[in-house]
Amino acid sequence: MAIESAAPNMASEPAPLPDANGHFGPYGGMFVAETLMGPLAELRAAYEHFVSDPEFQAEFDTDLADYVGRPSPLYLAERWSRELGGARIYLKREDLNHTGAHKINNTIGQALLAKRMGKTRIIAETGAGQHGVASATVAARLGLECVVYMGAEDIERQKQNVYRMQLLGARVVSVESGSKTLKDALNEAMRDWVTNVDDTFYIIGTVAGPHPYPAMVRDFQTVIGRETRRQFLEREGRLPDALVACVGGGSNAIGLFHPFLADTSVELHGVEAAGDGLDTGRHAAPLCAGRPGVLHGNRTYLMEDDDGQIIATHSISAGLDYPGVGPEHAWLKDSGRATYVAVDDSQALAAFHTLTRTEGIIPALESSHALAYAAELAPRLGSGKALVVNLSGRGDKDIHTVATHEGMAL
Amino acid sequence: MSRIENRFSILRQAGRKALIPFITAGDPTPEVTVPLLHELVAAGADLLELGVPFSDPMADGPVIQRASERALAHGVSLHDVLDMVTAFRASDADTPVILMGYLNPIEVFGYQVFASAAAAAGVDGILTVDAPPEEAAPLAEALHGVGIDPIFLLAPTSGPERIERICALASGFVYYVSTKGVTGAASLDLAEIAAKLDQIRAVTRLPLGVGFGISDAERAATLAQVADAVIVGSALVRQIEVYPDDPRAAMAAMTELLGSMRTAIDAAAPQAVEA
Ligand SMILES: Cc1ncc(COP(=O)(O)O)c(C=O)c1O
């Protein structure tokens with residue numbers, strides 16, 4: 001078992017998506033300047049080659065086991081479930097991965113690819129800093145030069161992760177253009193890539209960007225869903241009734257969902273960031289409150305104004321503060337296979353505290369959005385049912401944000 | 001014959017090379033743009049490239065990024081840009097105008113509606129940086145339907161197959177990106193550019209423009225020896241930042257720079273007239 005892109009045990013499997021040009025229905029694609037079309041073709045060819053290379057897969061699996069610490073546990077949150085009085089809630093413990101989030105699954109895969117392609121320099125964009133840390137980590141391990149682009153505003157709110165990246169030997173470049181957040185960091189990384197394509201591999205941190213990134217990142221992250229499926233079957237002898245994951249770009253969500261796509265009895269719930277509330281306009285919920293457009297190399301749901309300009313997003317969680325979303329989620333929304341909801345800052349903070357106090361697990365603020373929705377869903381599903389929440393990361397990085405929000409100086 | 005085709009054919013007969021300035025619409029203020037376009041024509045522009053501001057100009061260097069930000073601070077939209085072209089056309093019926101920008105504002109406008117509005121405004125060509133031929137067919141069709149040329153980029157990384165494919169879809173002219181990088185990048189390899197242009201000429205009769213990183217008269221003249229058109233953007237736009245509080249002075253500096261390029265290109269051009 002390794003990085004196959006479709007779930008095993010599928011009875012009537014639909015045609016695999018994306019198509020050859022990276023389209024998920026009307027979404028996805030390759031909307032980049034001509035200079036990048038050649039490098040993307042090269043990346044696609046390399047990926048297609050190595051994805052079916054047993055040696056590559058074996059190395060990936062070994063790294064996930066020995067370096068990341070996989071499989072990550074599937075933990076039954078008994079006390080929390082009992083308090084909520086409904087479905088049993090399992091947590092997929094991606095927070096226990098090396099570097100503290102699911103992001104490392106993908107950076108391991110892409111870095112192995114970079115090495116095989118003979119690239120000596122790695123670049124990445126980061127919002128919360130988790131993907132930046134995961135990229136700096138694999139770069140350190142493989143002895144590759146690493147540059148991480150990060151919005152000036154995010155640098156301010158994630159100082160610890162900036163320092164972690166620097167300790168790991170990465171150069172963190174502050175992005176001062178546009179809204180100075182994740183989307184601008186992505187723009188800047190793309191500009192670096194187009195300038196240094198010969199020796200540079202761009203590790204995108206989520207299932208966005210031009211084809212093949214959404215498919216490739218998904219494939220590296222489906223280890224989450226494949227493990228969950230197996231672990232849940234072992235524990236319960238059946239499949240879960242629902243899966244819940246937060247959606248920024250959508251990589252932890254698609255990683256969990258994808259191996260269950262054909263299992264139509266399993267509800268899929270993606271949770272976006274409602275920030276101050278969907279009706280305030282200050283949020284980061286393109287699937288819930290945006291519309292389709294083109295940004296960062298793909299067509300997907302976006303937060304934009306009537307002139308097609310991308311608008312500023314808001315969320316207490318830097319990792320969800322992104323105006324777009326992976327194109328496969330856009331497709332899953334339109335097709336009705338998955339549903340998308342939004343949880344605001346205060347609901348996420350409440351869930352952050354609840355999990356910390358009832359289970360002794362401090363969740364990332366991103367993951368707290370999924371937890372907040374699970375707390376609503378569990379009673380609604382009722383006892384006898386069971387759901388799995390992707391606990392995509394640990395909350396140590398957010399302690400400062402939470403304290404500040406609550407008027408406490410650390 | 002489209003205005004672009006016509007302009008290139010006249011230049012070719014005269015043995016001259018085209019000079020194409022780029023400015024961002026609405027930079028530094030919306031009022032400046034139309035007068036500036038006229039002044040650029042007076043200073044020697046053969047065609048005009050008008051940038052449509054976008055919030056996420058992924059293929060642009062810092063100079064044009066900031067130009068976009070200045071224009072957006074005034075709320076300049078694609079509708080406003082079309083109004084500017086209409087105003088320009090009221091007193092210049094001949095100089096081709098090409099809009100250069102990103103796809104999303106056109107997506108929101110709607111391809112068909114946009115194509116009609118752009119044609120009515122007097123736009124001649126549309127270059128959407130982030131719409132390679134793989135994704136551009138529906139837009140190109142809408143544009144062709146109203147007689148607007150879809151302008152495509154070719155790059156140092158474009159292989160023979162892509163060159164053929166893109167030349168087949170393009171009309172007006174082909175825009176060769178001189179270097180791997182964003183607009184305003186510094187280094188140009190002239191021999192490499194010339195070799196690539198030869199390769200492109202082997203598959204198309206369309207005129208070839210070269211842009212990205214052409215910063216002074218000397219480089220413009222050198223490139224004009226091997227290309228049919230030279231496109232200058234960041235070097236002009238930079239003047240707006242040299243005179244942040246004095247748009248008149250910035251405009252004067254821009255027209256002066258363009259004029260010096262015009263002179264240098266004409267002086268260096270081979271006089272022989274091609275058929
Ligand atoms: C812990 C954690 N969860 C979720 C996300 C959101 O990303 P994605 O939607 O790609 O999983 C991030 C991004 O930084 C993160 O750090």
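Of the residues making up the range A:360-367, one or more are more than 14 Å from the ligand (Cβ to nearest atom), closer than 27 Å to A:A134 by Cα and not in a helix (DSSP H, G or I).
Inside the range B:164-275, counting only strands (runs of 3 or more DSSP E) that do not spill past its ends, which hold 2 or more residues that are without any contact (Cβ under 8 Å) to a residue 40 or more places away in the chain?
B:174-177, B:208-211
Quick check on A:T356: is it open to solvent by 20 Å² or more (accessible area, probe 1.4 Å), within 16 Å of the ligand (Cβ to nearest atom) and closer than 18 Å to A:A185 by Cβ? For A:T356, the condition - open to solvent by 20 Å² or more (accessible area, probe 1.4 Å), within 16 Å of the ligand (Cβ to nearest atom) and closer than 18 Å to A:A185 by Cβ - is not met. The set of residues in the range A:47-70 that are touching a residue at least 24 places away in the same chain (Cβ under 8 Å), out of contact with any Leu (no Cβ under 7 Å at 6 or more places or on another chain) and hydrophobic (A, V, I, L, M, F, W, C) comprises A:V51, A:A58, A:L64, A:V68.
Among the residues of the range B:190-207, at least one is at pLDDT 95 or above and within 20 Å of B:A45 (Cα to Cα). Within the bounds of the range A:6-29, is there any residue that is at pLDDT below 95 and in contact with a Lys or Arg (Cβ under 7 Å, 6 or more places away or on another chain)? Checked the range A:6-29: no residue is at pLDDT below 95 and in contact with a Lys or Arg (Cβ under 7 Å, 6 or more places away or on another chain). Checking the range A:104-124 against the condition returns a match, with at least one residue being within 13 Å of the ligand (Cβ to nearest atom), farther than 27 Å from A:L239 by Cα and in contact (Cβ under 8 Å) with a residue 60 or more places away in the chain. Only one of the numbered conditions (1) open to solvent by less than 10 Å² (accessible area, probe 1.4 Å); (2) without any contact (Cβ under 8 Å) to a residue 12 or more places away in the chain is violated by A:G237, and that is (1). With respect to the conditions (1) assigned to a loop (DSSP other than H, G, I, E, B); (2) in contact with a Gly (Cβ under 9 Å, 6 or more places away or on another chain), B:G147 lacks only one, and its number is (2).
Scan the range A:304-321 for residues that are open to solvent by 10 Å² or more (accessible area, probe 1.4 Å) and either within 14 Å of another protein chain (Cβ to nearest Cβ) or free of Cβ contacts under 8 Å to residues at least 12 places away in the same chain (or both) and the total you get is 9. Counting only helices (runs of 4 or more DSSP H) that fall entirely inside the range B:1-104 and contain at least 2 residues that are within 14 Å of chain A (Cβ to nearest Cβ), the qualifying elements are B:62-73, B:78-89.
Taken over the range B:105-157, the criterion of being more than 14 Å from chain A (Cβ to nearest Cβ) and among the polar types (S, T, N, Q) is satisfied by B:Q112, B:S116. For the range A:145-155, a tally of residues being at pLDDT 95 or above, farther than 9 Å from A:V173 by Cα and crowded, with 22+ Cβ neighbours inside 10 Å returns 1. The range A:200-310 holds strands (runs of 3 or more DSSP E) entirely within its bounds, and those carrying 3 or more residues that are at pLDDT 95 or above and within 16 Å of the ligand (Cβ to nearest atom) map to A:242-246, A:267-275, A:297-302.
A count restricted to the range A:75-104 and to residues that are surrounded by fewer than 21 Cβ atoms within 10 Å (Cβ to Cβ) and within 16 Å of A:R226 (Cβ to Cβ) stands at 1. A count restricted to the range A:224-234 and to residues that are aliphatic (A, V, I, L, M) and open to solvent by less than 10 Å² (accessible area, probe 1.4 Å) stands at 1. The residues in the range B:150-163 that are in a loop (DSSP other than H, G, I, E, B) and closer than 19 Å to B:M1 by Cα can be counted, and the count is 1.
Listed by first and then second residue, the pairs with beta-carbon distance under 9 Å, at least 6 apart or on different chains, first residue in the range A:23-46 and facing chain B (nearest Cβ under 7 Å), second assigned to a strand (DSSP E or B) and small (G, A, S), are A:G29/A:G297; A:M30/A:G297; A:F31/A:G297; A:V32/A:G297.
The strands (runs of 3 or more DSSP E) found wholly in the range A:115-188 and carrying at least 1 residues that are within 14 Å of chain B (Cβ to nearest Cβ) and charged (D, E, K, R) occupy A:121-126. What about A:G324, is it out of contact with any Phe, Trp or Tyr (no Cβ under 6 Å at 6 or more places or on another chain), away from the ligand (no atom under 15 Å from the Cβ) and open to solvent by less than 10 Å² (accessible area, probe 1.4 Å)? In short, no. Out of all the residues in the range A:289-300, is one or more under 18 Å from A:T401 (Cα atoms), open to solvent by 10 Å² or more (accessible area, probe 1.4 Å) and more than 14 Å from chain B (Cβ to nearest Cβ)? Among the residues of the range A:289-300, not one is under 18 Å from A:T401 (Cα atoms), open to solvent by 10 Å² or more (accessible area, probe 1.4 Å) and more than 14 Å from chain B (Cβ to nearest Cβ), which makes the answer no. Of the residues A:A262, A:A253, the single one that is more than 14 Å from chain B (Cβ to nearest Cβ) and either surrounded by fewer than 24 Cβ atoms within 10 Å (Cβ to Cβ) or aromatic (F, W, Y) (or both) is A:A262.
The values are calculated or read from the model by the stated rules, or taken from the named source; none is laboratory data. On a predicted model such as this, the values are computed, not experimentally measured, just so you know. As a convention, Cβ positions derive from the backbone with ideal geometry for all residues, glycine included, and neighbour counts pool all protein chains shown. Quick note on the areas: whole protein, heavy atoms, side chains included, nothing else; ligands and nucleic acids left out. Shrake-Rupley method; radii C 1.70, N 1.55, O 1.52, S 1.80 Å.
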